[in-house]
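The values are calculated or read from the model by the stated rules, or taken from the named source; none is laboratory data. Bear in mind the structure is a predicted one, so any value in this text is a computation, not a measurement. Cβ placement follows ideal geometry from the backbone for every residue including glycine, while neighbour counts extend to all protein chains displayed.
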Amino acid sequence: MTENVSLGMPQLPAPAYPDDVRARLEEDARAIIDRYPGSRSALLPMLHLVQSEEGHVTRTGMQFCADLLGLTTAEVTAVATFYTMYRRKPSGDYQVGVCTNTLCAVMGGDAIFEELQEHLGVGNNGTTDDGKITLEHIECNAACDYAPVVMVNWEFFDNQTPESAKKMVDDLREGRTVEPTRGAPLCTFKETARILAGFPDERPGAVEATGGAGPASLVGLRLAKGETPQTRIVHPRGEAAGQEGA
Amino acid sequence: MTLAAEINSSSPEKLLSPVLSAFWDQPDSWTLETYERHEGYQGLRRALAMSPDDLIAYVKDSGLRGRGGAGFPTGMKWQFIPQGDGKPHYLVVNADESEPGTCKDIPLLFANPHSLIEGMIIACYAIRSEHAFIYLRGEVVPVLRRLHEAVREAYAAGYLGRNILGSGLNLELTVHAGAGAYICGEETALLDSLEGRRGQPRLRPPFPAVAGLYACPTVVNNVESIASVPAILNRGKEWFTSMGSEKSPGFTLYSLSGHVVSPGQYEAPLGITLRQLLDMSGGMRPGHRLKFWTPGGSSTPMFTDEHLDVPLDYEGVGAAGSMLGTKALQCFDETTCVVRAVTRWTEFYAHESCGKCTPCREGTYWLVQLLRDIEAGRGEMADLDKLNDIADNINGKSFCALGDGAASPIFSSLKYFREEYEQHITGKGCPFDPAKSTAWADNHKEVTA
């Protein structure tokens, strides 16, 4: 038999979602479509929605989007493959992204990414055998004043070191609660994808978690208010920086 | 940095001017209650008392210029929207902050989302729009959460929805999360993305003011630009123009990052210098000196320690050969290899090029090949001119500014650090130790692993 050999032939239509899943997703999708004057605008949030169901964008998910929006699957695939947040194969519960754009890389992001690859035994975009962690390097995530930065399910882990990052992935694999420096206690990738589809996080305390602004966001304000002694020229970075509160 | 002498003449209380960041240190700074306690939604009341045309003229008179990079006058953008054309008008806020080094809108939205919402209501009243969008990059879920909550609060309080504050103004506000693509920070790519397409820039004209979202007149503004509007209305344009310079009035967020003692957000009148910011905040990390820095993200030509006294406003930075951009001051000290830094930025541009225009798509690919070879010690002297040549063939030859941005670090690093490139070639490798550049390099000296 040749079932394992890809001949590049056209594939059969994607299997549909089971009826109950489809009915549930369709209700959510209608709510998304209602937000926009033009229905096609719902496509990006709907791709987040199908990721919240299956953890990645499947052919079934793309067919679902195409059906509801009156698009061809080619049009949907073109969009789904353009954006980096859509995962195209089964991946972990926690998407761990190490910023390796220039500033974070220089400040230690390269070292963190290297040590995490070794520690987890996976390469870029690899998933650990237990299905918990997918590791990738990411581009600038708008937190350069907290470099080096690691994102997990798109929550901020600021001022990281190789040690803090390794401990964090160990905790995730052991099932311990992991809290970011800015953001809410981690939920799974699928739950995060639902928030991205535009459905607010209903967990109590999620919005207020980690308080107002992070510490680096406040340095200018504190100086302006005369709250920072000017003689202080050595900023405590490193060990304590990862645990600083608001 | 020399500290004692400078500090007396530059006290931070005098040099800084927190407006948007004024109450970020309050507990629950992001809530409607905190915002209203700090004169929130007062600017909106003043705006609604004016006619839309007067409001546009007022914002134009204030001289507010776009804070997203290009510096285009905000009021003029609003004025370009045709009126009485029978088409719906849209306001789209560009919250796709992704330019390397740029980190102002994300902390602003995390700590004070209502300033944006209030600014959006004012802008929509001015341009006669009944539906506004916030296009937030997807990779910042903590900010998305707070925007969802702030919009919910604003609807509940009657600031959004129908007949806002009894003015007859109706406004729907939709928060839209992107899905990971730097190019969507370019305004026409953002509009394509918001329409559910691949984020690829459009050819202009027509400009978005004529044919933007759904081919209707659309204003696309940066987060910080719109969030600055309520304070202008509340405190007056005279107050605003009393800060900064004639052509670059007002306050703005400067984001200091890299090898500095106190990285973070510094809100100051336009025209402050990097030297003043470093002097007040402790300077470069102890024992090190500034080597190169960007005034406004990686797409703005880099500066060196010769440029410490350049006034950081639109004209000052322009006259010194760069651009104010997003005021993302990424500072690198002498431990940093400039070839490594530029190679990584170029890899970024190659990765994020949408592929629509050949010069950018192919040019960034070839720049990466050459730079990787040079960084690894496999380069030739002729490669340096080739880099310049390829960058020249990208610059200004594509639909959008991504290609220009990719060329900036190449041109500027070759201008200031050509010897360092040559060192990589003659020495057949990189003379720098990346371990010395890390944030923890000097903390663990006694426990060398």
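State whether one or more residues within segment A:67-88 are basic (Lys, Arg) and buried (at least 19 other Cβ atoms within 10 Å of the Cβ). Yes, segment A:67-88 contains a residue that is basic (Lys, Arg) and buried (at least 19 other Cβ atoms within 10 Å of the Cβ). For segment B:153-182, filtering for residues that are more than 9 Å from chain A (Cβ to nearest Cβ), aliphatic (A, V, I, L, M) and not in a loop (DSSP other than H, G, I, E, B) leaves 6. When segment B:122-152 is limited to residues that are in contact (Cβ under 8 Å) with a residue 60 or more places away in the chain and within 9 Å of chain A (Cβ to nearest Cβ), the one that is surrounded by the fewest Cβ atoms within 10 Å (Cβ to Cβ) turns out to be B:GLU149. Residues considered: B:THR343, B:THR336, B:THR326. Of these, the only one that is in a helix (DSSP H, G or I) and at pLDDT 95 or above is B:THR343. Of the helices (runs of 4 or more DSSP H) entirely within segment B:1-95, those holding at least 2 residues that are modelled with pLDDT under 95 occupy B:4-9, B:12-15. If the condition is being out of contact with any strand residue (DSSP E or B) (no Cβ under 9 Å at 6 or more places or on another chain), in a loop (DSSP other than H, G, I, E, B) and surrounded by fewer than 16 Cβ atoms within 10 Å (Cβ to Cβ), then segment A:171-219 contributes A:GLY175, A:ARG176, A:THR177, A:GLU202, A:ARG203, A:PRO204, A:GLY205.
Taking segment B:298-317 as the range and being part of a loop (DSSP other than H, G, I, E, B) and either closer than 22 Å to B:MET243 by Cα or hydrophobic (A, V, I, L, M, F, W, C) (or both) as the test, the residues that pass are B:MET302, B:LEU308, B:ASP309, B:VAL310, B:PRO311, B:LEU312, B:ASP313.
Of everything in segment A:80-93 that's of a type outside the set (A, V, I, L, M) and within 13 Å of chain B (Cβ to nearest Cβ), which residue is nearest to A:GLU174 (Cα to Cα)?
Of everything passing the filter in segment A:80-93, A:ARG87 is nearest to A:GLU174 (Cα to Cα).
The single condition among (1) part of a helix (DSSP H, G or I); (2) within 17 Å of the chain's Cα centre (by Cα); (3) in contact (Cβ under 8 Å) with a residue 40 or more places away in the chain that B:ILE106 does not meet is (3). Consider segment B:96-118 and keep the residues that are farther than 18 Å from B:ARG152 by Cβ and β-branched (Val, Ile, Thr). The one that is nearest to the other protein chains (Cβ to nearest Cβ) is B:ILE106.
Only helices (runs of 4 or more DSSP H) whose full extent lies in segment A:1-95 are considered here, and none of them has at least 2 residues that are in the same structural domain as A:PHE156 (by TED's automatic domain parsing), in contact (Cβ under 8 Å) with a residue 40 or more places away in the chain and touching a helix residue (DSSP H, G or I) at 6+ places or on another chain (Cβ under 6 Å). So for segment B:287-295 (the condition being of a type outside the set (Asp, Glu), more than 9 Å from every other protein chain (Cβ to nearest Cβ), within 22 Å of B:ALA70 (Cα to Cα) and assigned to a loop (DSSP other than H, G, I, E, B)), does at least one residue qualify? Yes: segment B:287-295 contains one or more residues that are of a type outside the set (Asp, Glu), more than 9 Å from every other protein chain (Cβ to nearest Cβ), within 22 Å of B:ALA70 (Cα to Cα) and assigned to a loop (DSSP other than H, G, I, E, B).
For segment B:50-71, residues that are crowded, with 17+ Cβ neighbours inside 10 Å and of a type in the set (D, E, K, R) total 3.
Among the residues of segment A:101-117, those that are surrounded by 24 or more Cβ atoms within 10 Å (Cβ to Cβ) and more than 7 Å from every other protein chain (Cβ to nearest Cβ) comprise A:CYS104, A:GLY109, A:ILE112, A:PHE113.
Taking segment B:385-403 as the range and being in a helix (DSSP H, G or I) and surrounded by 19 or more Cβ atoms within 10 Å (Cβ to Cβ) as the test, the residues that pass are B:LEU387, B:ILE390, B:ALA391, B:ILE394, B:LEU402, B:GLY403.
Residues of segment B:209-233 that are away from chain A (no Cβ under 14 Å) and in contact with a helix residue (DSSP H, G or I) (Cβ under 6 Å, 6 or more places away or on another chain): B:VAL219, B:VAL220, B:SER225, B:ILE226, B:ALA227, B:VAL229, B:PRO230, B:ILE232, B:LEU233. Within segment B:257-275, being in a loop (DSSP other than H, G, I, E, B) and either out of contact with any Asp or Glu (no Cβ under 6 Å at 6 or more places or on another chain) or surrounded by fewer than 23 Cβ atoms within 10 Å (Cβ to Cβ) (or both) holds for B:VAL261, B:SER262, B:GLY271, B:ILE272, B:THR273. Residues of segment B:109-145 that are assigned to a loop (DSSP other than H, G, I, E, B), within 26 Å of B:ALA49 (Cβ to Cβ) and not polar (S, T, N, Q): B:ARG128, B:GLU130. Just to be sure, is B:VAL141 of a type in the set (Val, Ile, Thr), closer than 20 Å to A:ILE138 by Cβ and in contact with a helix residue (DSSP H, G or I) (Cβ under 7 Å, 6 or more places away or on another chain)? Taking the combined requirement at face value, the residue satisfies it. Could you go through segment B:216-230 and let me know if any residue there is of a type in the set (Asp, Glu), surrounded by fewer than 19 Cβ atoms within 10 Å (Cβ to Cβ) and out of contact with any Phe, Trp or Tyr (no Cβ under 6 Å at 6 or more places or on another chain). Looking through segment B:216-230, none of the residues is of a type in the set (Asp, Glu), surrounded by fewer than 19 Cβ atoms within 10 Å (Cβ to Cβ) and out of contact with any Phe, Trp or Tyr (no Cβ under 6 Å at 6 or more places or on another chain).
Okay, residues lined up against (1) surrounded by fewer than 24 Cβ atoms within 10 Å (Cβ to Cβ); (2) of a type in the set (Val, Ile, Thr); (3) under 17 Å from the mean Cα position of the chain (by Cα); (4) within 20 Å of B:VAL368 (Cβ to Cβ):
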| site | (1), (2), (3), (4) |
| --- | --- |
| B:ASP305 | yes, no, no, no |
| B:TYR314 | yes, no, yes, no |
| B:ALA320 | yes, no, no, no |
| B:MET323 | yes, no, yes, no |
| B:THR326 | no, yes, yes, no |
| B:VAL338 | yes, yes, no, yes |
| B:TRP345 | no, no, yes, yes |
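This table checks each residue for (1) over 30 Å from B:SER299 (Cα atoms); (2) more than 14 Å from the chain's Cα centre (by Cα); (3) not small (Gly, Ala, Ser).
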residue	(1), (2), (3)
A:CYS99	no, no, yes
A:PHE113	no, yes, yes
A:GLY121	yes, yes, no
A:GLU139	no, no, yes
A:ALA143	no, yes, no
A:MET168	yes, yes, yes
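Counting only strands (runs of 3 or more DSSP E) that fall entirely inside segment A:118-162 and contain at least 2 residues that are at the interface with another protein chain (Cβ under 7 Å from one of its Cβ atoms), the qualifying elements are A:155-157. Among the residues that make up segment A:141-162, is at least one of them surrounded by fewer than 22 Cβ atoms within 10 Å (Cβ to Cβ), out of contact with any Phe, Trp or Tyr (no Cβ under 8 Å at 6 or more places or on another chain) and more than 26 Å from A:PRO90 (Cβ to Cβ)? So far as segment A:141-162 goes, yes, one or more of its residues are surrounded by fewer than 22 Cβ atoms within 10 Å (Cβ to Cβ), out of contact with any Phe, Trp or Tyr (no Cβ under 8 Å at 6 or more places or on another chain) and more than 26 Å from A:PRO90 (Cβ to Cβ).
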